[in-house]
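S.K.: Starting off with a structure, shown below.
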2 protein chains.
Amino acid sequence: MNTAKIEFSECGDCPIRHRAVCSRCETDELEQLNKIKFYKSYPAGQTIAIRGEPLQNVASIVAGTATLTRSIEDGRTQMVGLLLPSDFIGRPGRDTLQYDVTAVSDVTLCCFQRKPFEKLLEDLPHVRERLLEMALDELDAARDWMLLLGRKTARERIASLLTLMVKRTIRPDGEVMGNSSRIELPITREAMANYLGLTIETVSRQLTKLKNDGIIGIEGKRAITIPDLGALLAETGDDEDGGMIV
Amino acid sequence: MNTAKIEFSECGDCPIRHRAVCSRCETDELEQLNKIKFYKSYPAGQTIAIRGEPLQNVASIVAGTATLTRSIEDGRTQMVGLLLPSDFIGRPGRDTLQYDVTAVSDVTLCCFQRKPFEKLLEDLPHVRERLLEMALDELDAARDWMLLLGRKTARERIASLLTLMVKRTIRPDGEVMGNSSRIELPITREAMANYLGLTIETVSRQLTKLKNDGIIGIEGKRAITIPDLGALLAETGDDEDGGMIV
DNA sequence: GCGTGCCTTTGATCTGGGTCAAGGAAAGTG
DNA sequence: CACTTTCCTTGACCCAGATCAAAGGCACGC
């Protein structure tokens with residue numbers, strides 16, 4: 001998808017930049033991190049890691065979209081995390097992953113061998129601090145998602161997801177979106193359904209309903225236009241302040 | 001409820017013991033923490049904190065049960081966390097809370113003023129490390145709950161909750177439960193419903209169904225007996241290994 | 001003992017979203 | 001260009017769980 005979009009330089013000298021630490025890292029700290037980092041790419045659709053298998057590396061997403069899913073044998077699947085560039089995979093202090101990680105688009109990771117990384121952490125307070133912040137942000141996001149899964153209607157769920165996508169699309173260039181915007185859904189209907197706790201049929205139906213109501217426009221399979229962001233926001237079921245954490 | 005059960009000495013010299021740091025803290029580190037700690041109690045039903053209001057303190061639960069909930073104006077409410085003794089409330093680096101915190105039973109908190117606590121954190125690597133661990137555990141728990149909310153049937157949800165309760169009941173004395181056991185539900189049907197993304201009627205119906213199927217016994221309103229834990233586990237919809245993180 | 005509330009159970013009915021089934025549409029492939 | 005394959009949409013029908021409504025307990029104060 002956009003593997004090539006983010007240059008090496010964007011990932012920067014410090015490999016877990018973006019939401020991560022590096023703005024606060026000292027040069028020598030970066031040196032240490034750089035010594036154990038390496039890049040790895042996965043084509044769209046490929047499994048990056050499977051629940052329960054020992055985890056060799058931790059990584060930061062440089063480009064592409066990956067998903068974190070949890071499922072039961074009978075096939076029911078729930079996405080529990082959407083990983084966009086700057087998100088972190090894996091966790092210090094755990095040697096197995098609790099979830100399946102899958103590349104949705106072509107994905108490039110900036111990896112660190114877990115053991116050395118953990119050892120390094122002890123000397124890198126900035127990184128540890130940033131990891132805590134990120135974990136807490138993810139926790140908030142997960143909890144917001146719990147409200148969605150437990151209490152929201154199908155239409156509200158779709159609207160919430162689109163809102164989330166818009167918000168997360170803003171970030172890379174730091175540009176603030178106007179009232180109207182256009183997003184490329186980085187995921188299939190199936191992934192959307194798994195994220196929202198719905199079926200693909202319901203996702204499809206609600207999308208067309210939102211289109212018919214003039215809340216969104218649909219261009220092809222993946223592009224959504226949003227003529228009035230406020231109108232979409234009003235469909236999410238959230239409080240005005242738009243509590244959803246991205 | 002059991003306010004008196006946990007003695008001051010159990011909370012120990014280090015106030016965020018239990019799941020928290022203190023086993024690894026040095027004596028002088030404990031000293032520092034103790035200087036800014038104080039206890040606070042809330043009767044059952046009382047609101048401990050409201051979403052959005054500035055957060056003065058962080059705290060560790062010493063006794064009782066509290067809930068973390070997120071809700072929308074129209075009354076829909078989703079519980080996003082069940083706080084039992086040893087759990088932590090609040091987060092360093094955020095000055096407002098994202099959720100409502102409510103005492104379900106009588107609750108005793110071990111509080112720290114947030115600002116001094118945050119400053120202290122800089123010098124207490126053990127505590128920071130432990131906070132990260134706890135955040136990651138909570139994240140895993142939240143994600144497991146997402147699977148429940150997104151994909152499980154009402155019966156599976158009830159069974160999962162009971163299983164969770166059993167597992168969390170074990171901890172305080174470290175005693176391993178036998179195959180059969182008895183738990184006191186610390187929460188009302190309404191709280192269960194809000195936790196599970198169901199209505200109280202459905203919760204009630206599924207509980208009686210499980211009773212009629214011999215999976216559980218119901219004694220009064222709050223006590224549940226589980227003659228065969230394996231049978232209950234089989235109803236949760238989870239993999240055999242019982243992946244649920246407590 | 002007798003209300004008065006609160007929580008819980010049970011019943012009857014309704015409905016949002018699931019399930020099953022049948023077509024499109026776009027992209028690749030030989 | 002026909003021929004899969006993959007993804008998406010649409011329709012018809014169904015059912016788990018929501019909603020609406022009515023009783024039980026049980027604990028409390030008077």
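S.K.: What number comes out for accessible area per residue over the range A:153-234 if the probe is 1.4 Å? Units Å², please. Walk me through the numbers before you get to the answer.
M.R.: Values: 3850 Å² over 82 residues.
Per-residue value: 47 Å².
S.K.: As a test of the definition: with a 1.4 Å probe, what buried accessible area, both sides summed, do you compute for B against A, in Å² to the nearest 100? Don't jump to the answer; show the numbers that get you there.
M.R.: Values: alone 12670 and 12690 Å², together 20850 Å².
So the buried area, both faces added, is about 4500 Å².
S.K.: Enter the accessible area of B:Trp145 (Å², nearest 10), with the probe set to 1.4 Å and all protein chains included.
M.R.: For B:Trp145, the solvent-accessible surface is approximately 10 Å².
S.K.: Pairs to check: B:Lys152/B:Lys221; B:Lys37/B:Lys119; A:Lys152/A:Lys209; A:Lys35/A:Lys119; B:Lys40/B:Lys167. Give those whose C-alpha atoms are more than 19 Å from each other in this structure.
M.R.: Values: B:Lys152/B:Lys221 25 Å; B:Lys37/B:Lys119 14 Å; A:Lys152/A:Lys209 17 Å; A:Lys35/A:Lys119 13 Å; B:Lys40/B:Lys167 27 Å.
Cα-Cα > 19 Å for B:Lys152/B:Lys221; B:Lys40/B:Lys167; rest within.
S.K.: Take A:Phe38, B:Phe117 and sort them by solvent-accessible surface of the protein heavy atoms, 1.4 Å probe, largest at the top. Walk me through the intermediate numbers first.
M.R.: Details: A:Phe38 65, B:Phe117 0 Å².
If we order A:Phe38, B:Phe117 from most to least accessible, we get A:Phe38, B:Phe117.
S.K.: Can you pull the Kirkwood radius for the range B:153-234, inverse mean 1/r over Cα pairs, to one decimal in Å? Don't skip to the answer; put the middle values down first.
M.R.: On the way: mean 1/r = 0.0784 Å⁻¹.
Answer for the range B:153-234: a Kirkwood hydrodynamic radius of 12.8 Å.
S.K.: Then there is this: Could you state the number of Å between the C-alpha centres of the range B:93-130 and the range A:128-152?
M.R.: Centre-to-centre (Cα) distance: 17 Å.
S.K.: Along Cα-to-Cβ, 7 Å out, sits the label point; list in nm, shortest first, how far the one on B:Gly220 is from those in the other copies.
M.R.: 6.5
S.K.: Still on this structure, please answer the following. For a quick check: with amide H placed at 1.01 Å from N, whose amide H comes under 5 Å from B:Leu185's, ignoring anything fewer than 5 positions away on the same chain?
M.R.: Excluding prolines and chain starts, which carry no amide H, the hits are B:Ala223, B:Ile224.
S.K.: Solvent-accessible area of B:Ile50, probe 1.4 Å, all protein chains present, reported in Å² to the nearest ten, please.
M.R.: Only protein atoms counted, so the area is about 90 Å².
S.K.: Between the label point of B:Pro43 and that of the same position in each other copy, find the distances and list them shortest first in nm, with every label point placed 7 Å from Cα along the Cα-to-C-beta direction.
M.R.: 6.8
S.K.: With a cut-off of 8 Å between alpha carbons and a minimum separation of six or more residues, what is the relative contact order of the range A:153-234 in percent?
M.R.: Working: 86 pairs, mean separation 30.0, N = 82.
37 percent.
S.K.: Follow-up question, since we're still on this one. Relative to the other copies, what are the label-point distances for A:Ala234, with labels 7 Å from Cα along the C-beta vector, expressed in nm at one decimal and sorted shortest first?
M.R.: 5.3
S.K.: What residues have an amide H closer than 5 Å to that of A:Gly81, excluding those fewer than 5 places away on the same chain, when H is modeled at 1.01 Å from N in the peptide plane?
M.R.: Amide H to amide H, under 5 Å and 5 or more residues apart or across chains, A:Gly81 pairs with A:Leu68.
S.K.: Give, rounded to the nearest 20 debye, the magnitude of the charge dipole that the range A:153-234 has about its Cα centre when Lys and Arg contribute +1 at Cβ and Asp and Glu contribute -1 at Cβ. All intermediate terms of the calculation are to be shown ahead of the outcome.
M.R.: On the way: 12 positive and 9 negative charges, 33 e Å.
For the range A:153-234, the charge dipole is close to 160 debye.
S.K.: Within a Cβ distance under 11 Å of B:Met79, other residues only, what is the Lys/Arg minus Asp/Glu net charge? Show your work: numbers first, answer last.
M.R.: On the way: positive: A:Arg143, A:Arg151, B:Arg70; negative: B:Asp100, B:Glu190.
My count for the surroundings of B:Met79 gives +1.
S.K.: Excluding B:Ile218 itself, calculate the net charge of residues whose Cβ lies under 14 Å from the Cβ of B:Ile218, where each Lys or Arg counts +1 and each Asp or Glu counts -1. Write down the numbers at each step before the final one.
M.R.: On the way: positive: B:Arg182, B:Arg189, B:Arg205, B:Lys209, B:Lys211, B:Lys221, B:Arg222; negative: B:Glu184, B:Asp213, B:Glu219.
Net local charge, B:Ile218 excluded: +4.
S.K.: Related question: Heavy atoms only, probe 1.4 Å: what % of the accessible area of the range B:76-135 goes to carbon and sulfur, would you let me know?
M.R.: On the way: 920 of 1910 Å².
That fraction is 48 percent.
S.K.: Find, among the GluC sites (Glu not before Pro) in the range B:112-146, those assigned to loop by DSSP (not H, G, I, E, B) with at most 14 other beta-carbon atoms within 10 angstrom. Write out the running numbers ahead of the final one.
M.R.: Working: sites: B:Glu118, B:Glu122, B:Glu129, B:Glu133, B:Glu138; in loops: B:Glu122.
Here the GluC sites (Glu not before Pro) that fit, given the DSSP loop and packing criteria, are B:Glu122.
S.K.: 5 Å is the cut-off here: which amide hydrogens, built 1.01 Å from N in the peptide plane, fall below it relative to B:Asn57, excluding neighbours closer than 5 in sequence?
M.R.: Answer set, sorted by chain and number: B:Arg114.
The values are calculated or read from the model by the stated rules, or taken from the named source; none is laboratory data. Because the structure is a prediction, the values reported are computed rather than measured. We place every Cβ from the backbone using ideal geometry, glycine too, and count neighbours over all the protein chains shown. Surface accessibility is based on the protein's heavy atoms, side chains included, excluding ligands, DNA and RNA. Shrake-Rupley method; radii C 1.70, N 1.55, O 1.52, S 1.80 Å.
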